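Student: To start, I am sharing the structure in question, which I have written as structure tokens.
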Amino acid sequence: MQNQCDTSTVDMAQVAAIAARYKNEPDQLMRILLEIQSVCGNAIPREAATVISSVTGIPEVEIYGFITFYAMLSDKPRGQYIIRMCKSAPCHIVGAREVAQAICDCLGIAPGETTADGLFTLEFCECIGLCDTAPAIMINDAVYTNLTPQSAVSLIRAYQQGGVC
Amino acid sequence: MQETRIALRFVGQYDTACVNEYCALGGYSGLRKALAMDKNAIIQEVNASGLRGCGGAGFPVGRKWEMVAAAEGGNKFVVCNADEGEPATNKDRVIMAGDPHSLIEGMAIAGYVVGASKGYIYLRYEYPYIFPVLENAIRDARAAGFLGDHIFGSDFSFDISVVSGGGAYVCGEETALLESIEGKRGEPRFKPPYPGTSGLYGCPTLINNVESLVTIPPIVLNGGAWYESFGLGEHHGTKIFTLSGNLVNRGVFEFPRGTNLRQLIYEVGGGCPGGRQLQGVQTGGASGNIINANMIDIPLDIDDCSAAGATFGAGDIMVFDDSKDVLEIVENLMEFFSHESCGKCTPCREGNTRLLQLIRKIRNGEGTLADLDTLEDLSETMMDCSLCGLGQASPSPVVSTLRNFRNDYLSKIEGGLK
């Protein structure tokens with residue numbers, strides 16, 4: 001996958017409509033960007049940021065600064081499913097590294113990469129608040145806990161076969 | 001060991017999609033009672049309860065309320081810090097998923113006391129499944145007249161919005177959190193001014209943790225002395241503890257403050273699985289002190305933990321067994337802080353990276369005894385000079401292991417172990 005977002009499928013009118021809900025309410029910015037990200041292939045491409053800027057009046061550079069500050073926002077294209085593998089200490093000491101390695105091996109990609117079919121992006125992330133059921137990962141908004149390398153691979157296989165959505 | 005559930009009292013006791021079930025348990029009667037009370041009388045009860053902030057800093061809740069109530073300014077806010085990002089803590093998730101109405105009720109009481117009409121819950125992005133629970137509960141509370149205009153026919157109006165975090169640990173720091181709500185990068189502000197006088201949009205703002213707020217309704221209903229009495233000995237009230245790591249039983253449990261850490265680890269946590277022995281405990285989350293197995297006879301409360309060289313934090317207890325490499329855990333923790341430092345101030349931005357480099361150097365067998373002094377010097381500088389709690393506390397794992405696991409360092413340094 002290229003480092004540029006493919007914006008051919010992004011509906012800029014939809015981006016503008018979501019951004020129009022901003023109405024000078026700064027406390028809505030995060031939510032609006034998250035929503036725009038979800039309709040732009042899990043990323044906020046430059047073109048979308050330009051639209052957001054013109055609709056909200058927030059300078060593009062500030063939008064970029066905002067996006068790049070927060071781990072959950074991305075200006076780089078990502079897959080349909082973002083697999084977030086917690087590597088914080090409570091997960092780490094009960095086997096998170098082995099779970100992460102099994103997922104990397106299963107998908108044939110390293111953390112930070114996206115599968116060639118655009119289905120999965122693999123990310124290491126910090127604590128997702130599932131410490132008492134570690135090791136844990138999130139796939140988009142769904143959480144999976146008490147994982148083993150074997151159960152993690154079964155889970156990924158289920159997603160690949162469309163068995164989870 | 002029997003739990004004493006105050007903050008967790010209604011978790012799992014009602015269908016969160018049904019506000020009537022919450023009311024049937026006595027829900028919103030704390031708010032009803034509060035609105036008929038004098039505001040100062042409520043503050044007196046909160047002070048009498050001895051309740052201290054449950055997010056980690058431990059500031060007396062009643063005193064914070066007093067300050068915001070007394071602050072000048074027509075527009076005030078109540079903000080719930082639900083950005084539970086400290087590794088080894090997940091108690092607030094359990095509260096919000098299982099009892100959202102107690103949080104709403106606690107926030108409304110806080111709003112009444114300090115004179116705010118608007119509340120925000122800043123919820124970390126990593127809990128996407130909590131958003132609908134909170135938003136549905138807020139909608140139901142509004143429909144039932146527990147939020148909105150003229151609550152219970154009084155002059156008091158209050159409403160709550162949920163704001164999403166973006167996956168930044170530093171936003172758990174109260175001023176970074178406010179910046180984030182304001183649609184900015186979550187970089188901490190200089191203090192003073194404190195949020196109590198100049199917070200959200202420059203207005204006086206009360207910021208409390210989820211656990212602190214859900215403890216308020218029962219204190220209003222039953223009195224401060226009632227809550228205070230649950231603590232063991234000189235301790236006040238209860239606290240939720242998150243048990244994680246190498247334990248047979250992990251989870252979220254509420255016990256009287258003053259409960260012994262050893263009892264919690266063995267009687268509740270069941271000790272280490274697989275016949276392993278306890279090697280150490282990180283107390284107070286990723287930014288807390290790591291203590292060794294000989295140090296665990298500690299009454300769990302803020303001051304006792306500090307005096308014993310541990311950290312109380314938000315009641316985070318992460319246990320590791322004797323198969324673990326302590327320095328590897330420290331390396332993992334410093335990777336976390338290097339990643340999560342916002343970069344605004346130099347001691348934190350540079351310091352965490354340098355601590356990580358030194359730990360890696362020592363782990364690789366390339367360390368010297370002088371590196372241990374550098375670790376201590378650098379840690380001291382960070383603790384003294386960092387802008388916010390992140391850089392002030394992040395050296396704790398390094399400093400505490402240099403003290404409590406010194407041989408683990410020395411054994412990796414040539415000529416270190418005599």
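The values are calculated or read from the model by the stated rules, or taken from the named source; none is laboratory data. Not measured: the values here are computed from a predicted model. Virtual Cβ from ideal backbone geometry, glycine too; neighbours counted across all protein chains shown. Heads up: the accessible areas ignore ligands, DNA and RNA and are worked out on the full protein's heavy atoms, side chains in. Shrake-Rupley method; radii C 1.70, N 1.55, O 1.52, S 1.80 Å.
Student: Can you give me the C-alpha center-to-center distance between the range B:211-261 and the range B:274-322, rounded to a whole angstrom?
Tutor: Cα centroid to Cα centroid, the span is 17 Å.
Student: A further question on this structure: Using a 1.4 Å probe on protein heavy atoms, which residues of the range B:55-94 have at least 30 Å² less accessible area in the complex than alone?
Tutor: Listed by number, the residues meeting the 30 Å² cut-off are B:PRO87, B:ASN90, B:ARG93.
Student: On average, how much area does the Cα convex hull of the range B:34-178 cover when viewed from any direction, in nm²?
Tutor: For the Cα atoms of the range B:34-178, the hull's average projected area reads 8.6 nm².
Student: Next question, about the same structure. Indicate the residues belonging to the range A:112-137 that lose 30 Å² or more of solvent-accessible heavy-atom surface (probe 1.4 Å) upon moving from the chain alone to the assembly of all protein chains, ignoring ligands and nucleic acids.
Tutor: Buried-area filter returns A:GLU126, A:CYS127, A:ILE128, A:GLY129, A:CYS131, A:ASP132.
Student: Further, regarding this structure: Using a simple charge model, +1 on the beta-carbon of Lys and Arg, -1 on the beta-carbon of Asp and Glu, nothing else, what dipole does the range B:235-370 show about its Cα centre, in debye to the nearest 20? Write down the numbers at each step before the final one.
Tutor: On the way: 12 positive and 16 negative charges, 53 e Å.
Computed about the Cα centre, the dipole is about 260 debye.
Student: Treating cross-link reach as a plain straight distance, find the lysines whose alpha-carbon is under 23 Å from the alpha-carbon of B:LYS118, omitting any fewer than eight places away in the same chain.
Tutor: Partners found: A:LYS23, B:LYS33, B:LYS39, B:LYS64, B:LYS76, B:LYS184.
Student: Please get the size of the charge dipole for chain B, origin at its Cα centre, with Cβ charges of +1 on Lys and Arg and -1 on Asp and Glu, quoted in debye to the nearest 20.
Tutor: Charge dipole, chain B, about its Cα centre: 240 debye, nearest 20.
Student: To the nearest 100 Å², how much accessible surface do chains B and A cover up together, summed over both, with a 1.4 Å probe?
Tutor: Roughly 3400 Å².
Student: Could you name the lysines whose alpha carbon sits less than 21 Å from that of B:LYS324, not counting residues in the same chain fewer than 8 places away?
Tutor: Candidates past the 8-residue exclusion: A:LYS87, B:LYS361, B:LYS412.
Student: Could I ask something else about it? How many angstrom lie between the C-alpha centres of the range B:340-366 and the range B:402-416?
Tutor: Cα centres, the range B:340-366 to the range B:402-416: 19 Å.
Student: Just for the protein assembly as shown, what percent of DSSP beta bridges are antiparallel, to the closest 5?
Tutor: Among the beta bridges of the protein assembly as shown, antiparallel pairing accounts for roughly 45 percent.
Student: At a Cα cut-off below 13 Å, give the aspartates and glutamates reachable from B:LYS91, other chains included and same-chain residues fewer than 8 away excluded.
Tutor: The qualifying aspartates and glutamates are A:ASP132, B:ASP83, B:ASP99, B:GLU211, B:GLU254, B:ASP316.
Student: Next up: For the range A:81-160, how big is the tail of P(r) above 14 Å, as a whole percent of Cα pairs?
Tutor: 54
Student: Treating each Cα of chain B as an identical point scatterer and ignoring solvent, apply the Debye formula and state log10 I(q)/I(0) at q = 0.06 Å⁻¹.
Tutor: Taking Cα atoms of chain B as identical point scatterers yields -0.25.
Student: Moving on to the next point. Among B:ALA34, B:SER164, B:ASN90, which residue has its Cα furthest toward the positive end of the charge dipole of the range B:19-228, with +1 on Lys/Arg Cβ and -1 on Asp/Glu Cβ?
Tutor: B:ALA34
Student: Roll a 1.4 Å probe over the protein chains and send me the accessible area per residue for the range A:7-69 in Å². Kindly include the intermediate steps, with their values, before the conclusion.
Tutor: On the way: 2950 Å² over 63 residues.
With the other protein chains kept in place, the range A:7-69 gives 47 Å² per residue.
Student: Related question: Once neighbouring chains are kept in place and the probe is 1.4 Å, which whole percent of the accessible area of chain B is contributed by carbon and sulfur?
Tutor: With neighbouring chains kept in place, the figure for chain B is 48 percent.
Student: Have a look at B:PRO218, B:PRO132, B:PRO188 and tell me which one the Gaussian network model of chain B (Cα, springs below 10 Å) gives the largest fluctuation.
Tutor: B:PRO132
Student: Related question: What accessible area per residue, rounded to a whole number of Å², is obtained for chain B using a probe radius of 1.4 Å? Intermediate values should be presented prior to the final figure.
Tutor: Details: 14780 Å² over 418 residues.
Averaged over the residues of chain B, the accessible area is 35 Å².
Student: Continuing with this model, one more query. Based on the Kirkwood radius over alpha-carbon pairs, what value in µm²/s does the Stokes-Einstein equation return for the translational diffusion coefficient of the protein assembly as shown at 20 °C and 1.002 mPa s?
Tutor: Translational diffusion coefficient: 87 µm²/s.
Student: Oh, and also: Using the alpha carbon gyration tensor of the range B:160-247, what are the three equivalent-ellipsoid semi-axes (square root of 5 times each eigenvalue), largest first, in whole Å?
Tutor: Its equivalent ellipsoid spans semi-axes of 30, 19, 13 Å.
Student: One quarter of the convex hull surface, Cα atoms only: what value does that give for the range B:325-414 in nm²?
Tutor: So the Cα hull casts an average projection of 4.9 nm².
Student: For chain A, what are the per-bin percents of Cα-Cα distances with bins 5 Å wide, up to the bin holding the maximum?
Tutor: All Cα pairs considered, the percentages come to 2, 9, 17, 19, 16, 14, 11, 8, 4, 1.
Student: Might you tell me the accessible area per residue for the range A:81-160, computed with a 1.4 Å probe and given in Å²?
Tutor: 35
Student: Let's see if you can work this out: charge +1 on each Lys and Arg Cβ, -1 on each Asp and Glu Cβ, no other charges. What is the dipole magnitude of the range A:7-69 about its Cα centre, in debye to the nearest 20? Mind dumping the intermediate values first?
Tutor: Details: 4 positive and 7 negative charges, 12 e Å.
Dipole magnitude for the range A:7-69 comes out near 60 debye.
Student: Highest mean first, how do B:2-12, B:314-324 rank when packing is the count of other Cβ atoms within 10 Å averaged over residues?
Tutor: B:314-324, B:2-12
Student: Could you check what % of the DSSP bridge pairs in chain B are antiparallel, to the nearest 5?
Tutor: Details: 17 of 38 bridges.
The antiparallel proportion sits near 45 percent.
Student: Name the residues of the range B:236-263, by number, that are at least 40 Å² less accessible with every protein chain in place than in the isolated chain; the surface is that of heavy atoms, probe 1.4 Å, without ligands or nucleic acids.
Tutor: Correct list: B:ARG250.
Student: Separate question: Where does the range B:238-321 land on Rg(C-alpha)/(2.2 N^0.38 Å)?
Tutor: The range B:238-321 yields a ratio of 0.94.
Student: Given 37 °C and 0.692 mPa s, compute D for the range B:1-96 with the Stokes-Einstein relation, Rh being the Kirkwood radius over Cα pairs; round to the nearest whole µm²/s.
Tutor: Rounded, D is 205 µm²/s.
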